[in-house]
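Report on one structure; see the data block that follows.
The values are calculated or read from the model by the stated rules, or taken from the named source; none is laboratory data. Predicted model, so just to flag it, every value in this text is computed and none were measured. Methodologically, a virtual Cβ is constructed for each residue, glycine included, from the backbone with ideal geometry; neighbour enumeration extends over all protein chains shown. Ligands, DNA and RNA are stripped out before the accessible areas are found, and what is left, the full protein with its side chains, is counted by its heavy atoms. Shrake-Rupley method; radii C 1.70, N 1.55, O 1.52, S 1.80 Å.
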Amino acid sequence: MNKIKGIIFDMDGVLIDSEKEYLKLFQGFLKEQGKVYELEELRCLAGASGTLTDDYLYEMLQIPKEITRKRLNRYFDENMVDFKKIFRKEALDVLNYLQQKLALASSSSRKHIEEVLKTCQIDSFFEIVVSGKEFKQSKPNPEIYEFTVRQMGISKQDLLVIEDSTYGILAAKRAGLCVIALKDPVLKFDVSKADYTIDSLSEIMNFI
């Protein structure tokens, strides 16, 4: 492995253990609409872009996407996730340890990203923050990673990506990047396309 000069982090599922919390919200929202799903059946929603999420919800509910999106946004606003509570405790030690240039590339909206980073008091660690909402298509489309690499000004062979979801891993690999997948023991995403897997963020130190 080349000397690593930069690291690109995903946010949801990596810095905060949010995927299960979001799926529980989707589960509650769908139940409110009269549809009952087990969490495992909703795994397709984890890490999905807004467009993909809208497509999946349309298949489940057969309600116009714009109506579903308004209802979903209201439900999420009324059932806020405590970001400090789901912030990975080891993440702060890892970020303090790393000397490389750090970027964040998340499918979430910039407003959501900024809220999480400020709430968890880690916004100062990231020189570059990119939202998938700023592209026509987010993950698994590689554009978000291609853009982030250009912003960092570092060769792809000198970068690492930390991801957790199948969509995120695919996006980074399609961009030609080396990917470390943080495994989720509950949701058990398909991480077979990743170059390496870890069980804890603290294991990143072994690759630097």
| said: Within segment 28-54, take every residue that is assigned to a helix (DSSP H, G or I) and open to solvent by 60 Å² or more (accessible area, probe 1.4 Å) and give me the one that is farthest from residue 173 (Cα to Cα). | reply: 32
| request: All but one of (1) within 21 Å of residue 122 (Cα to Cα); (2) out of contact with any strand residue (DSSP E or B) (no Cβ under 6 Å at 6 or more places or on another chain) hold for residue 68, so report the exception by its number. | output: (1)
| So which pairs qualify, if the first residue must be in segment 165-178 and under 15 Å from residue 6 (Cα atoms), the second must be of a type in the set (S, T, N, Q) and open to solvent by 40 Å² or more (accessible area, probe 1.4 Å), the Cβ gap must be under 8 Å, and the two must be at least 6 apart or on different chains? | 178/157
| query | Given 193, 183, 136, 118, which one is more than 30 Å from residue 76 (Cα to Cα) and either without any contact (Cβ under 8 Å) to a residue 24 or more places away in the chain or open to solvent by 40 Å² or more (accessible area, probe 1.4 Å) (or both)? | reply | 193
| query | Can you tell me which residues in segment 180-200 are under 18 Å from residue 6 (Cα atoms) and either modelled with pLDDT under 95 or among the aliphatic types (A, V, I, L, M) (or both)? | reply | 180, 181, 182, 194
| said: Checking the structure you have, find out if any residue of segment 158-179 is under 14 Å from the mean Cα position of the chain (by Cα), crowded, with 22+ Cβ neighbours inside 10 Å, charged (D, E, K, R) and at pLDDT 90 or above. | reply: yes
| Residue that is farthest from the chain's Cα centre (by Cα) [pool: residues in segment 196-208 that are open to solvent by 50 Å² or more (accessible area, probe 1.4 Å) and not aliphatic (A, V, I, L, M)] | 206
| note | Expected single match for of a type in the set (Gly, Ala, Ser) and touching a residue at least 12 places away in the same chain (Cβ under 8 Å) among 28, 34 is 28
